[in-house]
Amino acid sequence: MFFILSKILDFLLQPLCWIFILLGFAYFTRFSKRLLAITIALLLVMSNGWFVNQCYLAYETPQNTLKKPYQWCIILGGGMMRSGEGFRTGETADRFVQPLLLYKKGLVKKLLITGGNVNIKGLKIDDTQESKKVKEVLIAMGVAEKDIYLEENARNTHENATYTKKMLAPYLAEEMVLVTSAMHMPRAKACYIREGIKVVVYPADIKKKDTPSGILDLVIPQERNLSKFAELIREMAGFVIYKVAGFA
C-alpha cells in the first residue's frame, strides 16, 4: 500500500499538476487574472536554469573520493536501463558506471545491485529487468560474474536497505560503499543508517553545475529545468515522508 501511495503522491507533486490546477481555478473563479499571474510566475521560476541549479547545489550530496579499498559496493537501481531489446542505458546509468570504475581501480571488490521490482498491478508495468541487464553489461565490461550479486525484490529505497541488510548480514560490521544519484543520496543514506548499515557515500549521476551560470541560464526558460525541478521536489518530499514513516 505504501508503494502505491508513494507513486500516486509522485504524480500530485508534479509542478505541471500545480500549473493545471491553478489554470482550472483561474478559469472557474473570479480571481482569474491573479491566478494567471501566479501561474506564469511559477512557470518562469521553475524553468529558470540558475534557480534550479541553486536548488541542486543546496540539496545534492557532494562528490566523494575513496581513500581505501572496500569489500562491498551497493548500487541502488532505478532508471539505469530502459526497456526494449538489447541494452539501452537510462538516465541514471552513471549509477553503475562509477562502481565499474571503482572496481577497475581495485577500490571495491564486490558489487550488489539492489532494486528492479517496480510493477504496480493495473497502474504501472515494467519489464526492464534492470538488475539482470546491468549485470550483463558489467560482465561485458570486465567485471567477474562471481563479484556481482543481485537483489531483485526491493521496490523502493526503504526496501533497498532492508533487503541489503538481509543479504549482507555477515558483513554488517564493515563499511560499505553506497552508490546512487547525488540527488537521491540523502534519503538513501538515511535509510541504510536506519537499518544499521555502515555506509560510505559515493554519489553518481550528479546534476548540479558548479561553474558560473551564463546570461542565457538567467533569462531563458527551458522545459528541461522544469523537469529537473520536478524530480527534486519529488525527492525532497520523499525524504520527508520517509522520516515521518520512520524509514529514514
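The values are calculated or read from the model by the stated rules, or taken from the named source; none is laboratory data. Just so you know, these numbers come straight off a predicted model, no measurement behind them. Virtual Cβ from ideal backbone geometry, glycine too; neighbours counted across all protein chains shown.
Report, by residue number, each residue of the range 139-192 that is part of a helix (DSSP H, G or I) and among the β-branched types (Val, Ile, Thr). So that I can check it myself, show each step before the final result.
Just the residues of the range 139-192 that are part of a helix (DSSP H, G or I), to begin with: 139-140, 145-147, 157-167, 169-171, 185-192.
Listed by number, the residues that qualify are ILE139, THR157, THR162, THR164.
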Inset, instruction - Kindly indicate whether any position in the range 27-40 is in a loop (DSSP other than H, G, I, E, B), more than 30 Å from GLU130 (Cβ to Cβ) and touching a residue at least 24 places away in the same chain (Cβ under 8 Å). - result: no
Inset, instruction - Would you please name the residue that is modelled with the highest pLDDT, looking only at residues in the range 95-139 that are in contact with a helix residue (DSSP H, G or I) (Cβ under 7 Å, 6 or more places away or on another chain) and on the phi > 0 side of the Ramachandran plot? - result: GLY115
Inset, instruction - Would you point out which residue out of PRO212, PRO170 is out of contact with any helix residue (DSSP H, G or I) (no Cβ under 8 Å at 6 or more places or on another chain) and modelled with pLDDT of 95 or more? - result: PRO170
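Of the residues TYR192, TYR202, only one is of a type outside the set (A, V, I, L, M), crowded, with 18+ Cβ neighbours inside 10 Å and within 21 Å of VAL244 (Cα to Cα); which? Don't jump to the end; show me each part of the working.
Numbers: TYR202 fails: within 21 Å of VAL244 (Cα to Cα).
From the options TYR192, TYR202, the qualifying one is TYR192.
Name the residues in the range 215-248 that are outside any helix (DSSP H, G or I) and crowded, with 18+ Cβ neighbours inside 10 Å, would you?
First, the residues of the range 215-248 that are outside any helix (DSSP H, G or I): 220-222, 246-248.
If the condition is that a residue be outside any helix (DSSP H, G or I) and crowded, with 18+ Cβ neighbours inside 10 Å, then PHE247, ALA248 are the ones that fit.
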Inset, instruction - Could you grab the pairs with beta carbons closer than 6 Å, sequence gap of 6+ or different chains, first residue in the range 75-102 and not assigned by TED's automatic domain parsing to the domain that holds TYR149, second one surrounded by fewer than 17 Cβ atoms within 10 Å (Cβ to Cβ)? - result: none
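Looking only at residues that are among the aliphatic types (A, V, I, L, M) and modelled with pLDDT under 85 in the range 215-248, which one is farthest from GLN14 (Cα to Cα)? Give the derivation first.
Filtering the range 215-248 for residues among the aliphatic types (A, V, I, L, M) gives 215-216, 218-220, 226, 230, 232-233, 236-237, 240-241, 244-245, 248.
Next, only the ones that are modelled with pLDDT under 85 stay: 215-216, 218-220.
Details: ILE215: 27, LEU216: 25, LEU218: 23, VAL219: 23, ILE220: 21 Å.
The selected residue is ILE215.
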